[in-house]
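A quick write-up on the structure given underneath.
The values are calculated or read from the model by the stated rules, or taken from the named source; none is laboratory data. This one's a predicted model, so the numbers in the text were calculated from it and none came from an experiment. All Cβ positions, glycine included, derive from the backbone under ideal geometry; neighbour counts span all protein chains shown. Accessible surface is based on the protein model in full, side chains and every heavy atom, while ligands, DNA and RNA are left aside. Shrake-Rupley method; radii C 1.70, N 1.55, O 1.52, S 1.80 Å.
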Amino acid sequence: MENKVAFVEYTLKGEDYQHLGDATLSTREKIEETIQNYDCYKNFNEKKDFLRCFGICSYEAESNIIIHSHFGILKTTILCEKIKTVAVDIGPGIESLLLALTPGYSTASKQARDLGFGAGMGLINIQKISDFSIISSRKGKGTYLFFEIWREVVTDFGRIEMKTKEIIEKLKLKVLTENSELSIEKEISSAYASDLLSNVLAKGKEESAWLTVQTNINIIGVAVIKRIPIIIVTEDTNVPYETIKKAEENSIMIAKATSDTFETSGKLYELLNLR
Ligand SMILES: Nc1ncnc2c1ncn2[C@@H]1O[C@H](COP(=O)(O)OP(=O)(O)OP(=O)(O)O)[C@@H](O)[C@H]1O
Ligand SMILES: [Mg+2]
């Protein structure tokens, strides 16, 4: 019999970009908090990867409801042996699942694309990262998505090389956030450059630097999920106050580079690889 530990449920409203990611982050916090009290999670050394996979899949499911649907529910059940999530919404449904599951296919609106969504990779990410998933949809009715993340042991989290503090000095970055003490001491060994949120979720390494010109509030949700300590905003791009505030609340540092992504990446690559 499945051993139920906790259950979390959130309602989601279409186009509520302001709160996109909140349900996933709260659920992840709840999971972290709950599993501390359960015997079946004692000696839980696979925690990081288990939560990372959950975070990515849940964020993709949540963003799909907010971007493509009118109203939905994200329900997560924490069991001793796995996490199960149902993301169900009431319309408009998907006309062709075959198309929806084709990499790069997206019907995201201009507004969503401007915010960095619309790579057409979300459902593929869920299929790749989860241990089991099902999607079913009917045009005009709604969409049902179910995924499971199973427990497994992961040991290699990569090499750690350079403190963010050093990177800021060497690349002459301007730090925009306050209260970044936690992030300034973090060590990273790699970086990822992209303006598409799904790409960062799928391919960006945990605990690395993220280079982007995307500055809307949703980048912080992605950074939290991927445990990214520093977002380097390139090309001297303006960063809205609300993004800075949310970054500060989550102890994520935002630092600005005057050079473009290509040049900044080149310098950072050299720093992290040729020392
Ligand atoms: N809940 C949903 N309701 C209606 N359509 C959906 C829903 N989820 C996905 N779709 C459709 O499936 C397509 C592919 O979804 P997918 O998550 O892979 O990419 P995306 O959301 O367009 O972009 P990305 O997730 O990479 O930012 C969407 O563009 C949309 O047409
Ligand atoms: Mg999506």
Picked from segment 39-66 (must be modelled with pLDDT under 85 and not charged (D, E, K, R)), the residue nearest to ligand 2 (Cβ to nearest atom) is Phe50
Matching residues in segment 216-275 (small (Gly, Ala, Ser) and not in a helix (DSSP H, G or I)) number 4
For segment 207-258, the count of residues that are surrounded by fewer than 19 Cβ atoms within 10 Å (Cβ to Cβ), touching a helix residue (DSSP H, G or I) at 6+ places or on another chain (Cβ under 7 Å) and hydroxyl-bearing (Ser, Thr, Tyr) equals 1
Among residues of segment 196-213 being among the aliphatic types (A, V, I, L, M) and in a loop (DSSP other than H, G, I, E, B), the residue nearest to ligand 1 (Cβ to nearest atom) is Leu196
Taking first residues from segment 160-177 that are under 11 Å from Met253 (Cα atoms) and second residues anywhere that are of a type in the set (D, E, K, R) and modelled with pLDDT under 90, the pairs with Cβ under 9 Å that are 6 or more apart or on different chains are Thr164/Glu185; Thr164/Lys186; Thr164/Glu187; Lys165/Glu185; Lys165/Lys186
task = Can you confirm whether segment 46-65 contains a residue that is open to solvent by 10 Å² or more (accessible area, probe 1.4 Å) and within 9 Å of ligand 1 (Cβ to nearest atom)?
result = yes
Checked Ile83, Ile73 against criteria (touching a residue at least 40 places away in the same chain (Cβ under 8 Å), within 13 Å of ligand 1 (Cβ to nearest atom), assigned to a strand (DSSP E or B) and in contact with an Asp or Glu (Cβ under 8 Å, 6 or more places away or on another chain)); the one match is Ile73
Taking first residues from segment 1-30 that are closer than 14 Å to Tyr59 by Cβ and second residues anywhere that are of a type in the set (Ser, Thr, Tyr) and open to solvent by 40 Å² or more (accessible area, probe 1.4 Å), the pairs with Cβ under 6 Å that are 6 or more apart or on different chains are Ala23/Tyr10
Selection over segment 66-108 where residues are farther than 30 Å from Asn3 by Cα, among the polar types (S, T, N, Q) and open to solvent by less than 50 Å² (accessible area, probe 1.4 Å) yields a count of 3
When restricted to Gly142, Gly120, the only residue buried (at least 19 other Cβ atoms within 10 Å of the Cβ) and under 18 Å from the mean Cα position of the chain (by Cα) is Gly120
Note on segment 100-130: residues under 29 Å from Val239 (Cβ atoms), more than 6 Å from ligand 1 (Cβ to nearest atom), part of a loop (DSSP other than H, G, I, E, B) and touching a residue at least 24 places away in the same chain (Cβ under 8 Å) are Ser109, Leu115, Gly116
The correct count of residues that are without any contact (Cβ under 8 Å) to a residue 12 or more places away in the chain and hydrophobic (A, V, I, L, M, F, W, C) in segment 242-261 is 0
